[in-house]
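J.: Structure provided below as structure tokens; questions to follow.
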Amino acid sequence: MIITKIPTNPTKILLLSLHIIWIAFGNAQNSKRSNNQEPIIFTQFTYHGNDQIYKDNPLQPDEFYTPILQGCYPDPSITHKGNDYYLVNSSFSMTPGVPIFHSTDMVNWKQIGHVLDKPSQLKVESSGISEGIYAPDIKYNPYNDTFYMITTQFAGGMGNMVVKTKDPAKGWSDAIKLGFDGIDPSLFFDDNGKAYVVHNDAPPPGKELYSGHRVIKIWEYDLATDKVIPGSDKIIVDGGTDIIQKPIWIEGPHLYKRNGQYYLMCAEGGTGGWHSEVIFKSNSPKGTFIPAKNNPILTQRYFAADRKEKADWAGHADLVEGPAGKYYAVFLAIRPNEKGQVNSGRETFMLPVDWSGEFPVFENGLVPLKPKLKMPDGVKNLTGHDGFFPNGNFTFTDNFKTSHLDLRWIGLRGWREKFATITKEGLKITPFATNIKAKAPTSTLFYRQQHASFEANTTLKYKPKSEKELAGITCYQSEKFNYVFGITKKINDYYLVLERTEKGISKLIANKKISFTSEITLQVIAEGSNYRFNYTLNGAAYENLGGTVSGDILSTDVAGGFTGSLIGLYTTIENDIKP
């Protein structure tokens, strides 16, 4: 506190003195509260997937599963340098931002970190869950031996931005803001050393013909300054493949060059049931781009809504030349539950691509997607072993015995290091004075829901000291749609509570007074849209709290947005759930 002028009036002096004493008292109380805060220790977390599709489709030795990244890993982009392949995804307001994976064979993937792992790069502290980072694009430029990741950040006044590195495993530069509007930017490096940016944008003022009318624009890009060149912009696609048909949301563009020709591939139709991938061709990066006659080249929109083992919303793809010259595409799609609802979010799928003809052909991209693909020649399936990302029905167990958090654990709006540390006893979370409904950083460590049916449990050592303290599990779609299952206090008694929040309105589903020493295990079991919250004390049999509840609020169909449901190890000292 800085006082620039000392008052002389006795009344003002008295008021100032009381004000200073009150501040000192409040600081002392806050300090006392912090020092006396009961440690919250999570000693283990286990997640197990139990989807029927994997039971009905066991892998043969020459097969692997798609999606290759289950759960909320949308908007994939891929590049390579030699036999090193790198893949990134949208992360919205999750922290760190933009998970990045590495592979040498297009089947076995390891997460090597996050592209945006510094506060200076990511400004999502007050963002809604579906704000922040959209549609990252990763590209390797052999002209200067540099990797680039370009994206749109809807937060902190960042807008379109780019970061770069010589080695994706060793960190990325600070964010460089780019001076153009629109979304979904993507870089293209020509073999003559020139560089370009393509992106989605609104039509020129007064030129919008219908709702959802968008354009694809291209700029020349100055590699020396990392800026677009003023005045070089040009619209290369207006509306989509056929503007007479009023196509909506042409977006997610990627530019490629093959046999001297330029190919522009884009998503079209919006990110829901009409989603698709289309392609255009030109003899110049600035057009004119002519759409292929067989568009779309990837979609799931033409098939029966009640088809078995349904995958849907396929689109937002990126192409790469894989081992032995074989092309592959990564793209997003969803796997709805038995009620057609999307709880696990948009996931990263893969298909081989035949580019022996004029245009790339997604192999089986225009038939219902299957859960398995054939292995490339000479590749062994190591998913789930030796650090490679698992898929199928797998189990993830964390006993918090390592020196650092697993990369699959994320924060939301706030950085994990601000509240989570690994100690000899287990994972210690220092609670924030915000609860899960706040559009602010919360002291919650999140794991993505990766199956329609799953079981997750965690054991914690914790005894709250007041009704303002709570710790437990949250199943979270957003700050306005979530479940909280945890332990709090009322007067001298401990209570388990289960609360449902829908559209920001909370309802206590159930509560129960319990007696325990210091350890409790909480469990959530989902079978499609049915969720059950259970607990056990001192190793006894599990008991249920609240019966079977609907997971509808954990779906994007009800909650909206672009993310999948998250399972959180949640703590707060601003609990508002009253048993």
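J.: Between residue 242 and residue 170, what is 0.36 nm times their sequence separation minus the Cα-Cα distance? Round to one decimal in nm.
T.: Additional length available on full extension: 21.5 nm.
J.: To continue, here is another question. Hey, what D do you get for the chain in µm²/s if you plug the Kirkwood alpha-carbon radius into Stokes-Einstein at 10 °C and 1.306 mPa s?
T.: Diffusion coefficient, whole number: 63 µm²/s.
J.: Let me ask something else about it. Run the accessible area of the range 353-427 with a 1.4 Å probe and give the carbon-and-sulfur part as a rounded percent. Don't jump to the answer; show the numbers that get you there.
T.: Details: 2040 of 4010 Å².
Heavy-atom surface of the range 353-427 belonging to carbon and sulfur, 1.4 Å probe: 51 percent.
J.: Moving to a separate point now. Return the calculated 222 nm mean residue ellipticity for the chain, to the nearest 500 deg cm²/dmol, obtained by summing -39500 (n - 2.57) across DSSP H runs with n ≥ 4 and dividing by the residue count.
T.: Theoretical 222 nm ellipticity from helices: -2000 deg cm²/dmol.
J.: Right, another one. Lys/Arg Cβ at +1, Asp/Glu Cβ at -1, dipole of the chain taken about the Cα centre: which of 562, 225, 333 is farthest positive-ward?
T.: 562
J.: Taking a probe of 1.4 angstrom, what is the accessible area of residue 80 in Å², to the nearest 10?
T.: 60
J.: First check a/c for the range 406-469, with a ≥ b ≥ c the square roots of the eigenvalues of its C-alpha gyration tensor; if it is under 1.5, answer rounded, and if not, answer prolate when a/b is larger than b/c or oblate otherwise.
T.: Note, shape of the range 406-469 comes out rounded.
J.: Right, something else. With viscosity set to 1.567 mPa s at 4 °C, what whole-number translational diffusion coefficient in µm²/s follows for the range 349-416 from Stokes-Einstein and a Kirkwood radius over Cα pairs?
T.: Numbers: Rh = 16.2 Å.
Once the numbers are plugged in, D ends up at 80 µm²/s.
J.: Still on this structure, I have one more. What length, rounded to one decimal in nm, is gained on full extension from residue 576 through to residue 433, with 0.36 nm per residue of separation minus their alpha-carbon distance?
T.: Numbers: separation 143, 0.36 × 143 = 51.48 nm, distance 1.13 nm.
Roughly 50.4 nm would be gained on extension.
J.: Here's another thing I want to ask about it. Would you mind computing, in nm to one decimal, how far apart the modelled labels at residue 229 and residue 380 are, each placed 7 Å from Cα along Cα→Cβ?
T.: It is 5.0 nm.
J.: Moving to a separate point now. Using the alpha-carbon atoms, what tilt in degrees (0 to 90, nearest 10) does helix 10-35 show relative to the longest principal axis of the chain?
T.: 70
J.: Follow-up. At each listed q (0.18 Å⁻¹), what is the log10 of I(q)/I(0) that the Debye formula gives for the range 202-345 modelled as equal alpha-carbon point scatterers?
T.: Reported log10 I(q)/I(0), two decimals: -1.12.
The values are calculated or read from the model by the stated rules, or taken from the named source; none is laboratory data. None of these values were measured; they are calculated from a predicted model. As a convention, Cβ positions derive from the backbone with ideal geometry for all residues, glycine included, and neighbour counts pool all protein chains shown. For accessibility, only protein heavy atoms count, side chains too; no ligands or nucleic acids. Shrake-Rupley method; radii C 1.70, N 1.55, O 1.52, S 1.80 Å.
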